[in-house]
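The values are calculated or read from the model by the stated rules, or taken from the named source; none is laboratory data. Owing to the predicted nature of the structure, the values given are computational and were not obtained by experimental measurement. Heads up, the Cβs are rebuilt from the backbone with ideal geometry, glycines too, and the neighbour counts pull from every protein chain shown.
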Amino acid sequence: DGELKKEDLEQITELMDGFKASKALFTASELCIFDLLQSRPGLDAAQVAKEIKASVKGTERLLEACVSLGLLKSKDGMHHNPLYENADLAVRFLRSDAPFSLRGYIQHCNSTVWPLFSHLESAVREGTNQRERAFGKKSDDVFQDTYYNSQEVKLRFMKAMHSIAKVTGKAVATAFDLSNFKTACDLGGCTGALAYELTKAHPGLSVTVFDLPAVVEMSEHFYPQQKDNRVSFVAGDFFQDELPKADLYILARVLHDWPDEKVHILLTEIADAAAPGCAVLIAETMLDGQTPYSALQSLNMLVQTEGRERTASKYAEMLRKHRFGKTHVVHTKNFLDAVISIKIS
Ligand code: SAM
């Protein structure tokens, strides 16, 4: 009827304004405001503007927007001039040196995902990724032709993967009892972030990170402070080259990059390399209709790749075709869920 409920208006406004909030967060992160206020809490807008070399007028508005979004806190200084400092969320996730910093991922969202999403309508009409429209270049392979074409974009992408993998790594590494496995191979393991979490959680496990040569050559940028001899890197192409032998094959945020045909090619290779008793662990956000996260992530895969997010039962069905047995699913409540399955014959 004609009643306008406050909660409905709030919900619809939040959705309509979501993109403004995202861009305010990206901009504040890009301009290093959270790092600045971490080292010098209590600056006013004019001082922040000077440090980040921006207008006072624009900085004031961005800072107030960040306060309204719960990213910054302000208190009155002299003459009611607000003084700013990081709110809890910024301390935990937005400053660059936080253990769970998402700055790398936010930079990737701003520079890559945002332009791609601005072509979402075309992606939906055409059913294809929008890399050519967004970046002006035709590309067959999202990694080799788009991200790894320049060192700068490659490092930015790797930092993005690293930041999410650090936040989600422990939840994935501890989702299952892996004590039966001595060796693991993290296919598309990128910076090794998950591999280090795995060796930390499982003292008897060694992990080989397998990724493209362009990625492996940068791996030392991401070494942890404490050297870890149980993590090693092997360069190769998982669609072309022989896979390292392992008791456990891990695919974290890898299958969602590829269409079903390519997933089957990869699972065929793994099934050929794996003896009975070996296992596959898939870490992805599983489509389950519970939260918008996985459905939106699947749109992200549409604009960016040829892949998609899938349900846990879809992964189970795909694994069955390659002689893997009953799957066990853990919804971690972190960015990624996990599925494990043992090779039966
Ligand atoms: N597993 C990491 C994580 O969860 O943070 C990285 C996920 S990232 C979306 C996909 C990874 O697959 C990238 O590191 C990429 O370089 C790697 N990759 C893509 N194509 C590959 C190929 N043909 N052979 C080996 N690795 C590949």
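Name, by its number, the condition in (1) under 22 Å from Gly104 (Cβ atoms); (2) within 15 Å of the ligand (Cβ to nearest atom); (3) not in a loop (DSSP other than H, G, I, E, B) that does not hold for Cys190.
The one condition Cys190 does not meet is (3).
Table: residues versus (1) more than 26 Å from Phe93 (Cβ to Cβ); (2) surrounded by fewer than 24 Cβ atoms within 10 Å (Cβ to Cβ); (3) within 12 Å of the ligand (Cβ to nearest atom).
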{"site": "Val153", "(1), (2), (3)": "no, yes, no"}
{"site": "Lys159", "(1), (2), (3)": "no, yes, yes"}
{"site": "Leu178", "(1), (2), (3)": "yes, yes, no"}
{"site": "Pro203", "(1), (2), (3)": "yes, yes, no"}
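Residue under question is Gly289, and the condition is that it be away from the ligand (no atom under 16 Å from the Cβ), of a type in the set (Gly, Ala, Ser) and out of contact with any helix residue (DSSP H, G or I) (no Cβ under 7 Å at 6 or more places or on another chain); does it hold?
Details: away from the ligand (no atom under 16 Å from the Cβ): yes; of a type in the set (Gly, Ala, Ser): yes; out of contact with any helix residue (DSSP H, G or I) (no Cβ under 7 Å at 6 or more places or on another chain): yes.
Criteria met by Gly289.
Does Glu51 satisfy being acidic (Asp, Glu) and either within 22 Å of the chain's Cα centre (by Cα) or not in a helix (DSSP H, G or I) (or both)?
Details: acidic (Asp, Glu): yes; either within 22 Å of the chain's Cα centre (by Cα) or not in a helix (DSSP H, G or I) (or both): no.
No, not satisfied.
Within the stretch 246-253, is even one residue without any contact (Cβ under 8 Å) to a residue 60 or more places away in the chain and more than 14 Å from the ligand (Cβ to nearest atom)?
Step one: filter the stretch 246-253 for residues without any contact (Cβ under 8 Å) to a residue 60 or more places away in the chain, giving none.
Among the residues of the stretch 246-253, not one is without any contact (Cβ under 8 Å) to a residue 60 or more places away in the chain and more than 14 Å from the ligand (Cβ to nearest atom), which makes the answer no.
Does Ala171 satisfy the criteria of being touching a strand residue (DSSP E or B) at 6+ places or on another chain (Cβ under 9 Å) and either modelled with pLDDT of 95 or more or of a type outside the set (Gly, Ala, Ser) (or both)? Let's see the steps before the verdict.
Numbers: touching a strand residue (DSSP E or B) at 6+ places or on another chain (Cβ under 9 Å): yes; either modelled with pLDDT of 95 or more or of a type outside the set (Gly, Ala, Ser) (or both): yes.
Against the criterion (touching a strand residue (DSSP E or B) at 6+ places or on another chain (Cβ under 9 Å) and either modelled with pLDDT of 95 or more or of a type outside the set (Gly, Ala, Ser) (or both)), Ala171 qualifies.
Since Trp258 meets every condition but one in (1) out of contact with any Gly (no Cβ under 8 Å at 6 or more places or on another chain); (2) under 29 Å from Ser345 (Cβ atoms); (3) crowded, with 18+ Cβ neighbours inside 10 Å; (4) touching a residue at least 40 places away in the same chain (Cβ under 8 Å), which condition does it not meet?
The failed condition is (1).
Looking at the stretch 145-163, which of its residues are more than 13 Å from Val113 (Cβ to Cβ) and hydroxyl-bearing (Ser, Thr, Tyr)?
Matches in the stretch 145-163: Tyr148, Ser150, Ser163.
Looking at the structure I just gave you, is Ala338 surrounded by 20 or more Cβ atoms within 10 Å (Cβ to Cβ) and at pLDDT 95 or above?
Values: surrounded by 20 or more Cβ atoms within 10 Å (Cβ to Cβ): yes; at pLDDT 95 or above: yes.
It is true that Ala338 is surrounded by 20 or more Cβ atoms within 10 Å (Cβ to Cβ) and at pLDDT 95 or above.
Quick one: how many residues across the stretch 225-245 are assigned to a loop (DSSP other than H, G, I, E, B) and either outside the structural domain of Thr174 (by TED's automatic domain parsing) or away from the ligand (no atom under 15 Å from the Cβ) (or both)? Full working, then the answer.
We begin by selecting, within the stretch 225-245, every residue assigned to a loop (DSSP other than H, G, I, E, B); these are 225-230, 236-245.
Of the ones still in play, those that are also either outside the structural domain of Thr174 (by TED's automatic domain parsing) or away from the ligand (no atom under 15 Å from the Cβ) (or both) are 225-230, 245.
Number of matching residues: 7.
Starting from residues that are more than 9 Å from the ligand (Cβ to nearest atom) and touching a strand residue (DSSP E or B) at 6+ places or on another chain (Cβ under 6 Å), keep the ones in the stretch 256-283 and report whichever is nearest to Phe210 (Cα to Cα).
That would be Ile270.
Any residue at all in the stretch 303-313 that is of a type in the set (A, V, I, L, M), modelled with pLDDT of 95 or more and more than 16 Å from the ligand (Cβ to nearest atom)? Step through it out loud before you land on a result.
First, the residues of the stretch 303-313 that are of a type in the set (A, V, I, L, M): 303, 312.
Narrowing the set further to residues that are modelled with pLDDT of 95 or more leaves 303, 312.
With more than 16 Å from the ligand (Cβ to nearest atom) added as a condition, the list becomes 312.
Checked against the condition, which is being of a type in the set (A, V, I, L, M), modelled with pLDDT of 95 or more and more than 16 Å from the ligand (Cβ to nearest atom), the stretch 303-313 yields at least one hit.
Where the second residue is part of a loop (DSSP other than H, G, I, E, B) and within 11 Å of the ligand (Cβ to nearest atom) and the first is touching a residue at least 60 places away in the same chain (Cβ under 8 Å) and more than 18 Å from Cys109 (Cα to Cα) and lies in the stretch 131-153, which pairs have Cβ atoms under 9 Å and are six or more apart or on separate chains?
Here the result reads Gln144/Leu212; Gln144/Asp237, each pair linking the stretch 131-153 to a residue that is part of a loop (DSSP other than H, G, I, E, B) and within 11 Å of the ligand (Cβ to nearest atom).
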